[in-house]
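Step one of this worksheet: look at the structure below.
The numbers here are math on the coordinates, done by the rules we state, and not lab data. Small disclaimer: the values here were computed from a predicted structure and weren't measured. Every residue, glycine as well, gets a Cβ built from its backbone with ideal geometry; the counts of neighbours run over all protein chains shown.
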Amino acid sequence: MKQFYTSTLLMLFLMPLHLFSQGLISGRVIDKDNLSLPGASIVIKAISRNAVSDVTGSFKLLNIPDGTHVVTISYIGFKTFEKTVTIQNGAAVKLDAVLTAGGSKDLQAVEISGSSVSALKALNQQKNSNRIMNVISADQIGRFPDPNIGDALKRVPGIYVQLDQGEASLVSVRGTDPSKSTININGTNMSGTGNDRSVGINAVPSDMVQSVEVTKAITPDMDGDAIGGVINLITRKAPYKRMLSLTGGSGYSFMIKKPMANANLVFGDRYGKKKQFGVMVSGSYYKQSLGSNMHGSDWGDTKWVDDKTYFMPKYLSMEQILLERIRQSYTLGLDYKFNEKHSIALTGIFNNYKDWRQRYTLKVDDIGADYPTNWKRAAGYERNTAQGKKVKDSNKDMIDDVTKEYYVDRTNDPFHPQYDPELERHVNGGVNDKNGAVIAQKIINLGLEGQHILGKVKVEWKGSYMKNRGDNPDARNLELESEMEKTVQMDYTNPRFIKATGGTGIDNVLESLKGRPTNNSDTVDTWYADSYNGSDKRSFTRQYLAQLDVTIPLWEGKFANTLKLGGKYRGMTKENTILNQVVWKPGIDPTRKAEYDQKVANGEKVNIEDYRDWGHFWNGYGNSMKNVSRSLFPNSRYEVGSTVTTEWVSHQDVSYAGNTEHFIKDATKVDALAGNYNGAEGISAGYLMSTQQLGSKLSLIGGLRFEYSTLKYEGYNYNKKIDKIEDEKIVSNTNSLDLMPAFHIKYTPTKQSVYRFAYTRTISRPAYGDIAPKMNVSIKDKTVSEGNPYLTPTLSNNLDLLGEYYTGGTGLISGGVYLKNISNYTVIKKDAVKFSQVDAFVLTPEELAAKEGVTPAVLTDYKKYYDPLKANDELLQRTKPGNAGTANLLGVEIAFQRSLSFLPKPLSNLSVYANYTHNWIFTKKGEPELPGTAKDILNLSIAYEVSRFSARVSFNNTSAFSTITGSLPDHKGDVYYDKVYYLDANMNFFLSKKVVIYANANNLLNQSQRRYMWQPQYTYSSLYTGATAQIGVKLNLL
């Protein structure tokens, strides 16, 4: 990599002197309101020079010989601009162009309105780009009712999203799962804080960005980890003249029935005699009160008492979440132009996102598959009766091993069965003033970049730092259980909405618990405290980037050729840490503490359970009850009912460090801490790219990119039998070299039509959690779970063909096809390994005996499992991520948008925006299915606009796609996201040019976030968030 940078710098210094003697024309393209027009085409036809304006409307025409030249600037929907410019002695000339609406002679004239201008900006950028991409402008984003940028992205062709509590979080591009695409902020990669490489963008508000570029076929000067594509979020830049806007509003959640609030400020200006110093600052604040009502089940084959097999649920979980969400974003953009040839820019971003979630769960557990002993009993085998017989069923065949009789009721109806299940209540909160478990994400991004024109050569450099932190601090969880002491009647006639029709004993945890002296089940009530625990989880990634790009024109004219080369280094460190995972139990009853201490001092054997202060615990529980249910039809049958509040659960006097007045630290959950890991990655890249013009209508791009990756990860060896993490970490060091060629063709036969073809090779690196070298061996269960640092990146060879026809104004008709040949994608593999293959990660009895605190009883119990495994070299069942085979993804995209101005009024004020994508997946028989591919994606939007009013209704449909690949035969363990139908609406009232009143409404169809197992009727989870609405005012003060 050092040689690459050295050779690049030498080439710059040794360039012939004639490269430094050419003129420059630079400037900005704006409209009559001084707003930038990105994507404008700037041409000097006589000498075949051309350029395209960037997101700020700025452009540079390089290598202009001395003389007089006619500069032509064209923009779809605007009149063509022409001006004569004279270059003398290779000087730099500034040219600012103000375009007026009305259409050119080549494109039909249309009436340009507010929303039309925003659409035109995106269309011009898309049309004049040298790669296959879609663009969303800031104005367009504001025309849709989207609170975060992910919701805006779901309206782009080929994109669909996964939601988190009603808002877009993970983004999929062209049928690939979210980890197969890259999310950038100003060209800097965002790294996820989870165990995979997918990036949740619900922390990014939609009003933070100036535009969004979605590249679907990359060029060699872009990062190669983009099998789906690259989504680049471009923050606001300094405007052409001073601007100040304020936005404020409120909203309402129909689920929670609480208000919401939002505010936004944007200020920008240029300073200095020549306006060479630009400033842009913005800040936004969103506060939302949201919630959800959920039910879910896991399913499996169950051999019923009639000897037939049914696909039945294993549990029914009912959940209520009440949450408060705050999203803050602050951006800074500074730029300084030394002159027309040299400039630098600094950008800064801080996003602060927090959720406080109060989670209440009621679960009917241990029913259906694997739990025949919980089914309704036959006569003489009833539970909790004097005549009831003790049952032993070692092979789970529903026949008692001793009596050889069926101990279950053979008349039990498989569609209306009765069970004596385990009942569970969970209350999950956090130690904070909102009593909710916190999901906190902070994104910090600082970037410094420069652009320099050295004669004919353009040099661009960039350095950036990004930190993405995701924390779940100080969560608290209380679990109560009731085991097989209540008979529950279930209803499976509709597997989408299975029901527990009665007898769950929901209300017997009210007043009867007050003052109960023990935790044992008794005849008064059946509930006991199973676990009270706390956790503190932290994760972050830090990323450093340095980049250099050099563009050299080799020859000019109709057959111009430009060579671009460059290098990039990206370093990343990641930590995934669970600081604490602790279980607490009530302390010693103060009234009996002296007795307890005396017995311990006397050396007597004392059972601490007989002395715990359960009276204090249950009194607090019983005095802190309330009904927490909030539900919407059709989920209203799944109400959680009355339970203790998260406020009580979150604020008990407990400590991670040790005992307190009322609680004792009972255990540290070492198995959770064993999931910790950290890693470091370094990616050195270089590329060479050539752009060749073949006349004015055809251009070619070809090149090669290489990326050399070095990865170092550290994980842990966890011995489950003795619940201990070994002192020595497991360390892995791997590297790989990836070569990625690319070839693009762009053909523009007319000013209205563009045809594109591309071949690209892209990759996706394995998930962080999969390549972390961890080992988890259970000699008791004979299982092994391990990471795989030697996973290879997923590779995709991509073909793209796209045709676009611009009908004038905001009109576009496009259609394309793409093919991705994807190999080595990651799946979780299961196999059997001999003990000798993993015994290096398992303590020998001698090594265990040498450990401090190991008793003879522990050692004897350990040898009971270890010795036969070692002597017979027995098999253990192993789960391990691995590379799978090859899948082919074939897709079709079509898009249509235009104003219906040809219709009679008032219909002429309508406009239509629509796109549709269909994907096909082809895999070899026996190979796992490629996860995350939705077959159908449809977007439809109809807008109505007059001078002082605009309204839009938007519809989004995405078909089902797989998210979990299970281990059951015939794909019965696979889990899918169900199809969705979203309907949103918004309106704008323009009281004047400076005052706009807006109103938004989301999820008007009350669409659930539903997943199913195997087939669509079997609900895995179904979560309802309800509709939300907003109203507010926007002031354009300057």
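Projecting the Cα atoms of G272, F350, Y465 onto the dipole axis of the chain, where Lys and Arg carry +1 and Asp and Glu carry -1 at the beta carbon, places G272 farthest toward the positive end. Our coupling estimate for the range 332-349, obtained by passing each phi through the Karplus curve with A = 6.51, B = -1.76, C = 1.60 and θ = phi - 60°, is 9, x, 10, 9, 9, 9, 5, 6, 6, 10, 9, 8, 9, 8, 10, 10, x, 9 Hz, Gly and Pro reported as x.
Here the spin labels are modelled as points 7 Å beyond Cα on the Cα-Cβ line, and at N797 and E609 they lie 6.4 nm apart. For N659, the shell of other residues with beta-carbons less than 13 Å away shows a net charge of 0, using +1 for Lys and Arg and -1 for Asp and Glu. Ordered by the number of other Cβ atoms lying within 10 Å of each residue's own Cβ, fewest first, F277, F338 fall into the sequence F338, F277. When only Cα pairs below 8 angstrom with a gap of at least 6 residues are kept, the chain shows a relative contact order of 10 percent. Take every Cα pair under 8 Å whose residues are at least 6 apart in sequence, average their separation, divide by the length of the range 833-965, and the relative contact order is 17 percent.
If each residue of separation counts as 0.36 nm, what is the full-extension length gain between S642 and K979 once their alpha-carbon separation is subtracted?
Working: separation 337, 0.36 × 337 = 121.32 nm, distance 3.30 nm.
Full-extension gain reported as 118.0 nm.
Annotation: amide H of A767 has no partner in the under-5 Å range at sequence separation 5 or more or interchain, hydrogens built in the peptide plane. Modelling each spin label as a point 7 Å along the Cα-to-Cβ direction, I'd like the L1004/F989 distance in nm, to one decimal. Between L1004 and F989, the label points sit 1.8 nm apart.
Grab the Cα-Cα distance for N561 and N678, subtract it from 0.36 nm times how many residues apart they are, and report the gain in nm with one decimal.
37.5 nm
Length available on full extension from F743 to L907: 0.36 nm per residue minus the Cα-Cα distance, which gives 54.6 nm.
What does the charge add up to near E804, with Lys and Arg as +1, Asp and Glu as -1, over the other residues with Cβ less than 10 Å from its Cβ?
On the way: positive: K127, R756; negative: none.
My count for the surroundings of E804 gives +2.
Enumerate the amide H contacts of R630 below 5 Å, restricted to partners 5 or more residues apart or on another chain; note that Pro and chain-start residues carry no placed amide H. Placed amide hydrogens put V640 under 5 Å from R630.
By the helix-only formula, in which each DSSP H run with n ≥ 4 contributes -39500 (n - 2.57) and the sum is divided by residues, the chain has a 222 nm mean residue ellipticity of -2500 deg cm²/dmol.
Once a ≥ b ≥ c are taken as the square roots of the eigenvalues of the Cα gyration tensor of the chain, is the result rounded (a/c under 1.5), prolate (a/b larger than b/c) or oblate (a/b not larger than b/c)? Cα axes put the chain in the prolate bin. Loop sites here are GluC sites (Glu not before Pro) outside DSSP states H, G, I, E and B with no more than 14 other Cβ atoms within 10 Å. The longest part of the chain free of them is 1-404.
Between rounded, prolate and oblate, where does the range 612-765 land on the alpha carbon gyration tensor, with a ≥ b ≥ c its root eigenvalues, rounded for a/c under 1.5, else prolate if a/b exceeds b/c? Taking the square roots of the gyration eigenvalues as a ≥ b ≥ c, the range 612-765 is oblate. Counting beta carbons within 10 Å around each of W356, W299 and listing the fewest first gives the order W356, W299. By the gyration tensor of its Cα atoms, with a ≥ b ≥ c the square roots of the eigenvalues, what is the shape of the range 380-456: rounded for a/c under 1.5, prolate for a/b over b/c, or oblate? Judged from the Cα gyration tensor, the range 380-456 comes out prolate (a/c at least 1.5, a/b above b/c). Given in Å, the Rg to one decimal and the Dmax to the nearest whole number for the Cα atoms of the range 298-363 are 28.0, 87.
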